[in-house]
Amino acid sequence: MTKSDIKTRADIYQLVSQFYTKLRKDEVLGPFFNGTIEDWDAHFEHLTTFWESSLFLKTKYYGNPLDAHIKVDQAFDHSISELHFGLWLNLWYETIDELFKGDYAENAKRRARKMSTFLYLKIFEARTK
């Protein structure tokens, strides 16, 4: 199979849905997501819009990822660590590499790395308030 770059909303949906299918089965990460997300179809659509906005800069995303992650950390007794973000990032890269190749695919990796660092630092900051 020849891989192409991420080009459309459908490509992003495929990436998001395959990634979260893996993540939900992960022994370490799965409990955070399976214990929090109730409507997976809506979550896939929401995250597809997020990544479409982030990668293609033409869709407006409404939401607050930082607030959502801080609430999850609180719900799980402030147990989210850099390990969790590292595992998340590795699964994200793995899924991208399985499906896509190109500039947008590489940009999706860079943006995820920056986002994971930012979220972890902000979650840690929120614990001290």
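The values are calculated or read from the model by the stated rules, or taken from the named source; none is laboratory data. Quick caveat, the model's predicted, so the values are computed rather than measured. Cβ atoms come from the backbone with ideal geometry, glycine included; neighbour counts cover every protein chain shown.
Which residue, of W88, W40, W92, is free of Cβ contacts under 8 Å to residues at least 60 places away in the same chain and of a type in the set (F, W, Y)? Let's see the steps before the verdict.
Numbers: W88 fails: free of Cβ contacts under 8 Å to residues at least 60 places away in the same chain; W92 fails: free of Cβ contacts under 8 Å to residues at least 60 places away in the same chain.
Of W88, W40, W92, the one residue that is free of Cβ contacts under 8 Å to residues at least 60 places away in the same chain and of a type in the set (F, W, Y) is W40.
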Exercise. Of the numbered conditions (1) touching a His at 6+ places or on another chain (Cβ under 9 Å); (2) modelled with pLDDT of 95 or more, F32 satisfies every one except a single condition; which is it?
Worked result: (2)
Problem set entry | Breaking point among (1) under 19 Å from Y13 (Cα atoms); (2) crowded, with 18+ Cβ neighbours inside 10 Å, for F85 | (1)
Exercise. K58 fails exactly one of the following numbered conditions: (1) within 12 Å of the chain's Cα centre (by Cα); (2) over 17 Å from S116 (Cβ atoms); (3) exposed (fewer than 13 other Cβ atoms within 10 Å of the Cβ); (4) not aliphatic (A, V, I, L, M). What is the number of that condition?
Worked result: (1)
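Return yes or no: is E82 more than 29 Å from S4 (Cβ to Cβ), charged (D, E, K, R) and either in contact with a Lys or Arg (Cβ under 7 Å, 6 or more places away or on another chain) or in contact (Cβ under 8 Å) with a residue 12 or more places away in the chain (or both)?
Details: more than 29 Å from S4 (Cβ to Cβ): yes; charged (D, E, K, R): yes; either in contact with a Lys or Arg (Cβ under 7 Å, 6 or more places away or on another chain) or in contact (Cβ under 8 Å) with a residue 12 or more places away in the chain (or both): yes.
So E82 fits the description; yes.
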Exercise. Can you name the residue in the range 88-129 that is among the polar types (S, T, N, Q) and closer than 20 Å to K22 by Cα and is also modelled with the lowest pLDDT among such residues?
Worked result: S116
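Per-residue answers, yes or no, for (1) at pLDDT 95 or above; (2) not basic (K, R):
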{"site": "S17", "(1), (2)": "yes, yes"}
{"site": "K22", "(1), (2)": "yes, no"}
{"site": "E38", "(1), (2)": "no, yes"}
{"site": "K58", "(1), (2)": "no, no"}
{"site": "H69", "(1), (2)": "no, yes"}
For this session: Can you run down the residue pairs with Cβ atoms below 6 Å, 6 or more apart or on separate chains, where the first is in the range 4-18 and among the hydroxyl-bearing types (S, T, Y) and the partner is part of a helix (DSSP H, G or I)?
Result: Y13/T48; S17/F44
